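Novice: Once you've had a glance at the structure underneath, I'll fire off some questions.
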Amino acid sequence: MAGRHSKRSDVDVGIARQRGVRRLGVIDARTRVEHLVSEQSAAAHRHTGCYVAQCGAMVLAASLTEPGRGPCAECVG
Ligand SMILES: [Zn+2]
């Protein structure tokens with residue numbers, strides 16, 4: 001019984017951790033697909049304008065006024 005309880009606690013911590021990771025939507029200038037980039041990655045690559053998305057794709061940030069075609073299925077999923 002004690003084991004079950006501690007396992008549930010681990011799951012709760014995991015969910016809380018995931019919520020702590022903030023992601024930014026970055027529209028790729030070439031494909032206009034909106035990829036998700038972690039805040040950490042965005043900060044690290046801001047000066048290059050090129051980011052590594054959740055799905056592993058290199059994203060060349062489009063201008064903020066650029067209309068996106070939609071979110072990347074791999075990043076969202
Ligand atoms: Zn993506």
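Novice: Which of the residues spanning the stretch 50-77 are away from the ligand (no atom under 12 Å from the Cβ), assigned to a strand (DSSP E or B) and of a type in the set (A, V, I, L, M)?
Specialist: Residues satisfying the conditions are Leu60, Ala61.
Novice: Here is a further query. When you look at Ser63, is it among the polar types (S, T, N, Q) and at pLDDT below 60, yes or no?
Specialist: Values: among the polar types (S, T, N, Q): yes; at pLDDT below 60: no.
Taking the combined requirement at face value, the residue does not satisfy it.
The values are calculated or read from the model by the stated rules, or taken from the named source; none is laboratory data. These numbers were taken from a predicted model, which means no experiment stands behind them. Every residue, glycine as well, gets a Cβ built from its backbone with ideal geometry; the counts of neighbours run over all protein chains shown.
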